Each structure stands twice: as C-alpha cells, then as structure tokens.
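The values are calculated or read from the model by the stated rules, or taken from the named source; none is laboratory data. Just so we're clear, the structure is a prediction, and the values are computed from it rather than from any experiment. Neighbour counts run over all protein chains shown; Cβ positions are idealised from the backbone, glycine included. These area figures cover heavy atoms from the full protein model, side chains too; ligands, DNA and RNA do not enter into them. Shrake-Rupley method; radii C 1.70, N 1.55, O 1.52, S 1.80 Å.
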Amino acid sequence: MSATYTVVNPATEQAVTDVAMASLAEADAAIERAAEAYPAWRDTAPGERARLLRRFAAVVDEHIPELAELEVRNSGHTWGNATWEAGNVRDVLNYYSAAPERLTGHQIPVAGGINVTFHEPLGVVGIIVPWNFPMPIAGWGFGPALAAGNTVVLKPAELTPLTAIRLAELALEAGIPEGVFTVVPGKGSVVGERFVTHPLVRKVCFTGSTDVGKKIMAGCADQVKRVTLELGGKSANIVFADADLAKAAAAAPSAVFDNAGQDCCARSRILVQRSAYDEFVSLLQPAVAGVKVIDPSDRSSEMGPLISAAQKAAVQGFVDEVEVAFAGVAPQGPGYWFAPTVVLADDPQQRIWREEVFGPVVAVMPFDDEAHAVELANDTEFGLSGSIYTRDVGRALRVSRGVEAGNLSVNSHSSVRYWTPFGGFKQSGLGRELGPDAPHSFTEVKNVFISND
Ligand code: NAP
Ligand code: MG
C-alpha cells in the first residue's frame, strides 16, 4: 500500500486530488523498466525518434488548455503563465525533435585509417524537478535527453506532480513506447535519492535548492555519475543613470514578481546608480502598486499566490527582519497570498540582500559607478542571471562581461529561451541546459579508430 499526498490549490487552500507516492521498490521498478526500454529506444532510427517527438509535441499542443488549467489549480500560476509553460513543453519537444538526425560526430584526420567520434546516449537519465516551474523544467530535461536516445525517469516535486503525470500519459498517447518516459511521483528523500544511488541511472539532472543540489552532487560522486545542476540565484538588475528610467522602472516588477518571485532567475536585487536613485524609486512605486495580484485563473491576473503555507512563512521571515519601503496589494486569505514588497537596503551583509527569498520581495540599493555596480553584483555566491539598463553600448558590453552570471540581458529581462543555453556560474549550478548543445550533455563522446589494414 503506497502512501498518498494531497495536492492543494495554493489560491484557495482546497484539496485538489490525492496522488500515490512511489515507494523505494516502486522507484526501483520504474528505473528497471526504463533500463529495459533503453536499447530499443537507442536503436530506433533517428528519423523515427524525431517523428515520435514531433508527435508528442503535437499531442501536448492539443492539450495546452487542459495542462494550463491543471497548473493554475496545482501551482497557483497565472493562466497566462501556465499557458506559456505548456506551450514551452511543445516548443522544446519540437526543437529537440530535430536533434536525432543532427547528432553528428567528427571525422578527424589520422594516418593509417579513419577516426570518427560518436555521441552515444547514456542510458537511463533521472530528472528531479522543483515546484516552481513544473512543466518547463521537466521539458528542458526530457526533451533533449529523449532526443539523444536516453530513456527518462522523472520525479516531480511533491507539491506539484499533476502536469508531469499528465505529460507522461500524453507521451504514451503520442506513441512514445512504454518505459521510455516515466513519471515517478514521490518524496525527494525516497525517489530523488534513488536516482542518485541506483546504478542503472547514469545521469541526474537536478533543479532546486543549492543545499539539496550539493548533496546530489556529492552522492553522484560515488558512481562518478553525470550530473547537471540548476540551483538558486540572487540576480542583479543594474540600472545606470543614463538608462531610460521610466522603461527600467516599468519593467522591474515583472522581472522579480513574476510567478510570485518563485523564480531562480528573479532579479531580486535592484542596483541603481546613486544620481538616478530617487527618481527610479519614485517611478518604481506606482509600477509595484499596479501589479495585479488576483485569482490566477482570471485571464488578467499578473501574479498568483505562493506555493504553500511554509513558503509564505519563509518569505514573511525575511520581511520581518527589515523595514518595508512600499508594497502592492494582494487578496486576503484563503490562499498563500503575499503582496509585492520593496525594501530599500543599505547593507550588503543583510540577509535580504544575500539570500534567495523565492517570494515577491525585492531589495533596492544605490551604487556609485560602473566598477562599484559590478562589485556589488558579484558579491554573492550565486551567478544565474541579471539585467543591465543603460543607453551606452560600451558600458553594456563591459558590464555584461564583468558580471559573473550565466544569463544576462541588456535593456530587457529576457526569460529563458529554449534555443539558447541556460545555466549558472558559481553556486547557481553546473552544466548548461537548452540551446543547440543540450543533447550533448546527455551523451558520451566515443572515439573510434578504424585501421586501413
Ligand atoms: P528542493 O528541496 O531543492 O526540491 C527540489 C526537488 O528535489 C524536489 O523534487 C524535491 O522533492 C527533490 N529533493 C529534495 N530532497 C532531495 C534529496 N535529498 N535527494 C533527491 N531529491 C531531493 O527545493 P524546495 O524544498 O522545493 O525549495 C526550497 C528552496 O529551494 C526554495 O525556497 C528556493 O530558494 C530554492 N528553489 C530553487 C529553485 C530553482 O529553480 N533554482 C526551484 C525550487 C526551489 P520533494 O518535493 O519531495 O521535496
Ligand atoms: Mg525541500
């Protein structure tokens, strides 16, 4: 008899459904089925694997409203975001459906024969997904992993398993063979850990907190298991005095409050050049007040609730330590609502400036010049993303090169694009996802010399 988990709608605190949680034995069985399905999937002709992935994308496309509605109820994501997220799974599958036929190696000149390289799939890949973006983060793993010829076992977060479970059903409906893509709902300490320790899982792809990521990396060392980590962030939005301040202030709220701030790329530190600081803050206030925090199923909702009571308490803990400069409005309960909140920080040692809040709270701090901005931006153990607002092209280039982060945008807060690489510097992660090279991170390079004799 397996244990169950009651999924709760974070906007209403109402139970949605019960989900059976896999035991250790059930996790093992799923991994073994994935290992059995691997040889046939690996040996499926590239054009056929491509066709199946395109079919999977088409079936996801047909179910976008259903998937989005499920995510609104399970995760409290706004209808607009959830619809984009389901579409992102479709787009990622379509993009990587081109990979099986393009996974080419090299032919390298040698004496006495020929030398060629192959990108061989790894076998079973274990993907561990957090609750903040259940659909996209799953797809960023399983899209390129399947395209490269691996089979996949995927553990969704306990809090948000529903869309992943549905995606696995849609994969079967699309004709992806049994065992090739299996979703295993369960606890991190049971199913997630088993991906790390089971020898048939040849790579772990983890997105979540830096603390758990470190444990996973340490655990993978035991079998020299391949690992990709996408961890936390404390990204800087750097606004220079020469920027279009109105544009920068109008764009800043969504860069940190989108998904109620539960975004590893959230620009949760705004650095403003001192000479423009007062003007920027006065422009920011109405922009924050204007964020529409309402029922996420309302088509015009811009921000929904936090994921859980525990997350709300954690965010409140950060805010209790500081003085709030101004805040937007949010509904009163039920639901784990938290108003968009702005703190004017002056000490880079403050917890609000250093730690990932993972909620709708932003800290604003002045800086003196370009060097000071880069120094403050880099004074963190994280390095995931960031933004630079300036009209000076040279400065934009210098600061882009100076900030130690994997994903930067100039005069924009670009979100993750599936056809460009994504990942973190420093303790924000290890390896890269997405972009043209992602299938390579789910393969080993094999070098073969064939003699003329
Ligand atoms: P987490 O504990 O790192 O969870 C992420 C995933 O890892 C979940 O599926 C979780 O399963 C699983 N997991 C937990 N412990 C594990 C273990 N020992 N071995 C293998 N898998 C394990 O993150 P969280 O508790 O959801 O959130 C805590 C904080 O992490 C957030 O407040 C935020 O700061 C950060 N976070 C960052 C991201 C990101 O995108 N970078 C995403 C989410 C959270 P369970 O669901 O069963 O715990
Ligand atoms: Mg946790």
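Between the DSSP loop rule and a limit of at most 14 other Cβ atoms within 10 Å, which GluC sites (Glu not before Pro) in segment 294-361 are left?
Here the GluC sites (Glu not before Pro) that fit, given the DSSP loop and packing criteria, are Glu321, Glu323.
How many Å² of accessible area per residue for the chain, probe 1.4 Å?
41
Diagonalise the Cα gyration tensor of segment 220-277 and give the resulting equivalent ellipsoid semi-axes, square root of 5 times each eigenvalue, largest first, whole Å.
34, 13, 8
Find how much the distance from Ile450 to Gln107 grows on full extension, using 0.36 nm per residue of separation minus their present alpha carbon separation; answer in nm with one decimal.
122.4 nm
Determine which residues of segment 9-53 fall in the zone a paramagnetic label at Ala309 would reach in this model, i.e. backbone nitrogen under 19 Å from the point 7 Å along Cα→Cβ.
It comes to 9-19, nothing else.
Stokes-Einstein D for the chain at 20 °C, 1.002 mPa s, Kirkwood Rh over Cα pairs, in µm²/s?
For the chosen part, D equals 94 µm²/s.
Given an 8 Å cut-off on Cα distances and at least 6 residues of separation, report the relative contact order of the chain as a percent.
Averaging sequence separation for qualifying contacts and normalising by length gives 19 percent for the chain.
Can you give the translational diffusion coefficient of segment 113-166 in µm²/s, computed by Stokes-Einstein from the Kirkwood radius over Cα pairs at 20 °C and 1.002 mPa s?
Translational D for this selection: 173 µm²/s.
What's the local net charge at Thr160, with K and R +1, D and E -1, over the other residues with C-beta under 15 Å away?
Around Thr160, the charge tally is -2.
What do the square roots of 5 times the Cα gyration tensor eigenvalues come to for segment 319-415, in whole Å, largest first, as semi-axes of the equivalent ellipsoid?
After scaling each eigenvalue by five and taking roots: 28, 16, 13 Å.
List the residues whose amide H sits under 5 Å from the amide H of Asn237, counting only those 5 or more places along or on another chain, with H placed 1.01 Å from N in the peptide plane.
Result for Asn237 returns Arg269, Ile270, Leu271, Ser387.
When only alpha-carbon atoms count, how far does segment 56-106 stretch along each of its three principal axes, as whole angstroms with the largest first?
47, 19, 14
Summing +1 for each Lys or Arg and -1 for each Asp or Glu, what net charge is found among the other residues whose Cβ lies under 11 Å from the Cβ of His63?
-4
Taking every DSSP beta bridge with both residues inside segment 236-417, roughly what % is antiparallel (nearest 5)?
In segment 236-417, approximately 10 percent of DSSP beta bridges are antiparallel ones.
Expressed in nm², what is the orientationally averaged projection area of the convex hull enclosing the Cα positions of segment 168-255?
So the Cα hull casts an average projection of 9.7 nm².
Would you mind checking which residues have amide H under 5 Å from Val152's amide H? H placed 1.01 Å from N; only 5 or more apart, or other chain.
Val125, Phe181, Thr182
Leaving out ligands, DNA and RNA, and with a 1.4 Å probe, what % of the accessible surface on the chain is carbon or sulfur?
That share works out to 53 percent.
To test your reading of the geometry: what angle, between 0 and 90 degrees and rounded to tens, separates the Cα axis of helix 46-62 from the longest principal axis of the chain?
40
Output the pairs from Lys214/Lys312; Lys292/Lys426; Lys155/Lys247; Lys225/Lys426; Lys214/Lys234 with a Cα-Cα distance over 28 Å in this structure; if there are none, say none.
Lys292/Lys426; Lys155/Lys247
Just by accessible area at a 1.4 angstrom probe, what is the order of Tyr389, Tyr418 from largest to smallest?
Largest accessible area first, the residues go Tyr418, Tyr389.
Restricting to Cα pairs below 8 Å that are 6+ residues apart, what does the relative contact order work out to for segment 236-417? Please round to a whole percent.
About 28 percent, as a whole number.
From the phi of every residue in segment 251-265, what ³J(HN,Hα) in whole Hz does the Karplus formula 6.51 cos²θ - 1.76 cosθ + 1.60 yield, where θ is phi - 60° and glycine or proline is x?
Result, rounded to whole Hz: 8, 4, x, 5, 5, 10, 8, 4, 6, 6, x, 8, 9, 5, 8.
Using the Kirkwood radius over Cα pairs, work out the Stokes-Einstein diffusion coefficient for segment 236-417 at 4 °C and 1.567 mPa s, in µm²/s as a whole number.
My calculation gives 79 µm²/s for D.
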